[in-house]
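**Q** First, the structure itself, so that you have it in front of you.
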Amino acid sequence: MKDWTVILLKEIGLRVTPQRRAILELLKENGSHPSAETIYFALLKTHPSISFATVYNTLAKLAEAEKIQQLEIDPQRKRFDHCLTPHHHFYCKACGRIFDVLDDSFLLKNVHEPEFKDVDDHQVDSIQVYLKGLCKDCKK
Ligand SMILES: [Zn+2]
Ligand SMILES: [Zn+2]
């Protein structure tokens with residue numbers, strides 16, 4: 001029986017270790033798009049020997065191989081998303097959580113429509129909209 005974490009790590013040529021598998025599992029469980037720091041400190045409890053370099057390099061390799069998404073929405077640090085389905089993100093400036101925005105009807109044009117191919121003559125391959133503000137919990 002092969003775990004998805006084992007398959008994914010082997011696919012990109014990384015040695016399968018309990019630490020690397022834990023990084024992937026945590027990224028999938030944590031819905032707020034954690035940074036390398038967040039993952040590192042969360043895993044220290046269960047994997048005391050884990051190093052920050054391992055976390056950072058594993059995430060960088062996965063993002064490079066396009067197995068996870070790297071988000072530039074947080075001005076402080078890179079954030080990561082295990083979900084590869086195209087979707088937009090909302091960043092809360094107060095609590096720092098990043099929420100998935102699956103409904104893009106807020107856009108004048110639906111980016112998934114076929115006519116949304118060219119912008120100023122540039123060929124668009126992918127679009128990621130970053131929304132920022134106060135989340136539903138923080139605005140109370
Ligand atoms: Zn918030
Ligand atoms: Zn996301």
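**Q** What tally of residues in region 82-109 results from selecting those that are open to solvent by less than 30 Å² (accessible area, probe 1.4 Å) and either closer than 20 Å to Thr58 by Cα or more than 9 Å from ligand 2 (Cβ to nearest atom) (or both)?
**A** Residues flagged as open to solvent by less than 30 Å² (accessible area, probe 1.4 Å) and either closer than 20 Å to Thr58 by Cα or more than 9 Å from ligand 2 (Cβ to nearest atom) (or both) within region 82-109 amount to 4.
**Q** How many of the residues making up region 1-35 are out of contact with any Leu (no Cβ under 9 Å at 6 or more places or on another chain), hydrophobic (A, V, I, L, M, F, W, C) and exposed (fewer than 13 other Cβ atoms within 10 Å of the Cβ)?
**A** Qualifying residue count for the region: 2.
**Q** Of these, Thr54, Thr38, Thr58, which one is hydroxyl-bearing (Ser, Thr, Tyr), open to solvent by less than 50 Å² (accessible area, probe 1.4 Å) and within 30 Å of Leu131 (Cβ to Cβ)?
**A** The unique qualifying residue is Thr58.
**Q** Still on this structure, I have one more. If Pro86 satisfies all but one of (1) under 12 Å from the mean Cα position of the chain (by Cα); (2) outside any loop (DSSP other than H, G, I, E, B); (3) more than 16 Å from ligand 1 (Cβ to nearest atom), what's the number of the condition it fails?
**A** (2)
**Q** Can you pull out the residues in region 89-111 that are modelled with pLDDT under 90 and within 16 Å of ligand 1 (Cβ to nearest atom)?
**A** Answer for region 89-111, where residues must be modelled with pLDDT under 90 and within 16 Å of ligand 1 (Cβ to nearest atom): just Val101.
**Q** May I pose another question? Could you list, in sequence order, all residues of region 15-52 that are under 17 Å from Gln76 (Cβ atoms) and touching a strand residue (DSSP E or B) at 6+ places or on another chain (Cβ under 7 Å)?
**A** Listed by number, the residues that qualify are Ser32, His33, Pro34, Ser35.
**Q** I've got another one for you. All but one of (1) within 10 Å of ligand 2 (Cβ to nearest atom); (2) open to solvent by less than 50 Å² (accessible area, probe 1.4 Å); (3) out of contact with any Pro (no Cβ under 9 Å at 6 or more places or on another chain); (4) modelled with pLDDT of 90 or more hold for Arg79; which doesn't?
**A** Condition (3) is where Arg79 drops out.
The values are calculated or read from the model by the stated rules, or taken from the named source; none is laboratory data. Since this is a predicted model, take the numbers as computed values, not measurements. In this analysis, Cβ positions are derived from the backbone assuming ideal geometry, glycine residues included, and neighbour counts consider all displayed protein chains. In case anyone asks, the SASA skips ligands and DNA or RNA and just uses the protein heavy atoms, side chains included. Shrake-Rupley method; radii C 1.70, N 1.55, O 1.52, S 1.80 Å.
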